[in-house]
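Visitor: The structure follows.
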Amino acid sequence: MSNNHEQLTSKRNLLEFILSDTSHLDKNDPYYSIYIDETMNELFQIEKEINK
């Protein structure tokens, strides 16, 4: 396994962990949905890179 693949996998795992518990975030915060959307988008991009 390449170092890049390991880094992407680690980052994916971290992002999945972050998204697994958002209870600490204020859902009334105007940036909440942006944060979730950006995190999901980054996770999607990592998945695409891993599956190349």
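Visitor: Nearest 500 deg cm²/dmol is fine: what mean residue ellipticity at 222 nm does the chain get from its DSSP H runs of n ≥ 4 alone, each adding -39,500 (n - 2.57), divided by its residue count?
Guide: On the way: 2 runs with 37 residues, N = 52.
After summing the helix terms and dividing by residue count, I get -24000 deg cm²/dmol.
Visitor: Considering only DSSP states other than H, G, I, E and B, which chymotrypsin sites (Phe, Trp or Tyr not before Pro) in the chain qualify as loop sites with at most 13 other Cβ atoms within 10 Å? Write down the numbers at each step before the final one.
Guide: Numbers: sites: F17, Y31, Y32, Y35, F44; in loops: Y31.
Loop-located and lightly packed - Y31.
Visitor: In whole Å and largest first, what semi-axes does the C-alpha gyration tensor of the chain yield when each eigenvalue is scaled by 5 and square-rooted?
Guide: Values: eigenvalues 131, 25, 8 Å².
Here the semi-axes work out to 26, 11, 6 Å.
Visitor: Points 7 angstrom from Cα along the Cβ direction at T9 and Q45: gap in nanometres?
Guide: Here the answer is 2.2 nm between the modelled labels.
Visitor: Over the chain, with every protein chain in place, what whole percent of the accessible area is carbon and sulfur at 1.4 Å, could you tell me?
Guide: 53
Visitor: For the chain, take the longest principal axis of its alpha carbons; what is the angle in degrees between that and the long axis of helix 32-50, to the nearest 10 within 0 to 90?
Guide: Long axis of 32-50 versus the principal axis of the chain: about 10 degrees.
The values are calculated or read from the model by the stated rules, or taken from the named source; none is laboratory data. Model, not experiment: these values are computed from the prediction. Counting neighbours? That spans all protein chains shown, and the Cβs are built from the backbone with ideal geometry, glycine included. Accessible surface areas use protein heavy atoms only, side chains included; no ligands, DNA or RNA. Shrake-Rupley method; radii C 1.70, N 1.55, O 1.52, S 1.80 Å.
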